[in-house]
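J.: Can you read through this structure? Questions will come right after.
The values are calculated or read from the model by the stated rules, or taken from the named source; none is laboratory data. No experiment lies behind these values; they were computed from the predicted model shown. Cβ placement follows ideal geometry from the backbone for every residue including glycine, while neighbour counts extend to all protein chains displayed.
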Amino acid sequence: MHEHFQAEQWLPFPVEMVFAFFANPENLPRLMPKWQRARIEEANFRPPPVRPGMARLPGIVAGDGSRLTISFRPVPFSPVRMTWDAAIGHFVWNAQFCDTQLKGPFFFWHHCHKVSAEGAGTRLRDEVEFELPMGALGRVAVPVVRRQMAGLFRYRQERTLALLGMMGRRGLTR
């Protein structure tokens, strides 16, 4: 049975900037807690469709069919690294893209990053559908995993605001 988790954040930056930030997989390790020591191990990027009426952005953008493998520590001070293989799909410029786990810690994981203009900024909405492994035993752990996810997304929201703020101060908002 698939579980659902959602997180939302309003950011005082334009949609184009927020979307480009999240569509660049180089930013993923920057959004994970430092103790996880996340890193991209392998990547096969497919370009997204040409942005209508827009100039090319600096950096990488992972379009439909891109695949990447990241590794990270599952708990602080762990000598063991966990790997996660994911594929990018449902890419629509300045609207959304989704990542689906191909191999990793979950039985099923599908995460959509959606952005929309709201006032003088951007509403970022993360929609996650997941299922834990180990059947009934996994279902017992769902409340614990939800709390962990909520904490990780709070951290991610703080880091997003800080990192986009640094980019904005460097004049990269438009």
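J.: Can you give me the number of residues within the range 45-65 that are charged (D, E, K, R) and either at pLDDT 90 or above or outside any loop (DSSP other than H, G, I, E, B) (or both)? Outline the logic, then answer.
T.: Within the range 45-65, the first condition is being charged (D, E, K, R), and the residues that meet it are 46, 51, 56, 64.
Narrowing the set further to residues that are either at pLDDT 90 or above or outside any loop (DSSP other than H, G, I, E, B) (or both) leaves 46, 64.
Going through the range 45-65 one residue at a time, the tally reaches 2.
J.: In addition: Mind telling me which of the residues R51, R39, R73, R30 ends up being of a type in the set (K, R) and either touching a Gly at 6+ places or on another chain (Cβ under 8 Å) or within 30 Å of R139 (Cβ to Cβ) (or both)?
T.: Values: R51 fails: either touching a Gly at 6+ places or on another chain (Cβ under 8 Å) or within 30 Å of R139 (Cβ to Cβ) (or both); R39 fails: either touching a Gly at 6+ places or on another chain (Cβ under 8 Å) or within 30 Å of R139 (Cβ to Cβ) (or both); R30 fails: either touching a Gly at 6+ places or on another chain (Cβ under 8 Å) or within 30 Å of R139 (Cβ to Cβ) (or both).
Checking each option against the conditions leaves just R73.
Here's the yes/no breakdown for (1) at pLDDT 90 or above; (2) closer than 17 Å to H113 by Cβ; (3) in contact with an Asp or Glu (Cβ under 7 Å, 6 or more places away or on another chain); (4) in a loop (DSSP other than H, G, I, E, B):
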| position | (1), (2), (3), (4) |
| --- | --- |
| R123 | yes, yes, yes, no |
| E127 | yes, yes, no, no |
| F130 | yes, yes, yes, no |
| P143 | yes, no, no, no |
| Y155 | yes, yes, no, no |
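J.: Now for a different question. Take the residues of the range 1-21 that are surrounded by fewer than 19 Cβ atoms within 10 Å (Cβ to Cβ), not in a loop (DSSP other than H, G, I, E, B) and not aliphatic (A, V, I, L, M): which is modelled with the lowest pLDDT?
T.: The selected residue is E16.
J.: Report every pair of residues separated by at least 6 positions or lying on different chains whose Cβ atoms are under 8 Å apart, first residue within the range 142-161 and touching a residue at least 60 places away in the same chain (Cβ under 8 Å) and crowded, with 16+ Cβ neighbours inside 10 Å, second part of a helix (DSSP H, G or I) and among the aromatic types (F, W, Y).
T.: So the pair list comes out as T160/F21.
J.: Modelled with pLDDT of 95 or more, surrounded by fewer than 13 Cβ atoms within 10 Å (Cβ to Cβ) and closer than 26 Å to L102 by Cβ: is that true of E42 in this structure?
T.: On the way: modelled with pLDDT of 95 or more: yes; surrounded by fewer than 13 Cβ atoms within 10 Å (Cβ to Cβ): yes; closer than 26 Å to L102 by Cβ: yes.
Here the answer is yes, as E42 does meet what is asked.
J.: What tally of residues in the range 66-81 results from selecting those that are in a strand (DSSP E or B) and surrounded by fewer than 15 Cβ atoms within 10 Å (Cβ to Cβ)?
T.: If we filter the range 66-81 for residues that are in a strand (DSSP E or B), which is where we start, we get 67-72.
From what is left, the residues that are surrounded by fewer than 15 Cβ atoms within 10 Å (Cβ to Cβ) are none.
So the answer is 0.
J.: Same structure, new question: If you go through the range 60-73 one residue at a time, do you hit one that is under 20 Å from L152 (Cα atoms), hydrophobic (A, V, I, L, M, F, W, C) and free of Cβ contacts under 8 Å to residues at least 24 places away in the same chain?
T.: We begin by selecting, within the range 60-73, every residue under 20 Å from L152 (Cα atoms); these are 69-73.
Filter again for hydrophobic (A, V, I, L, M, F, W, C), leaving 70, 72.
Filter once more, keeping what is free of Cβ contacts under 8 Å to residues at least 24 places away in the same chain: none.
No: zero hits.
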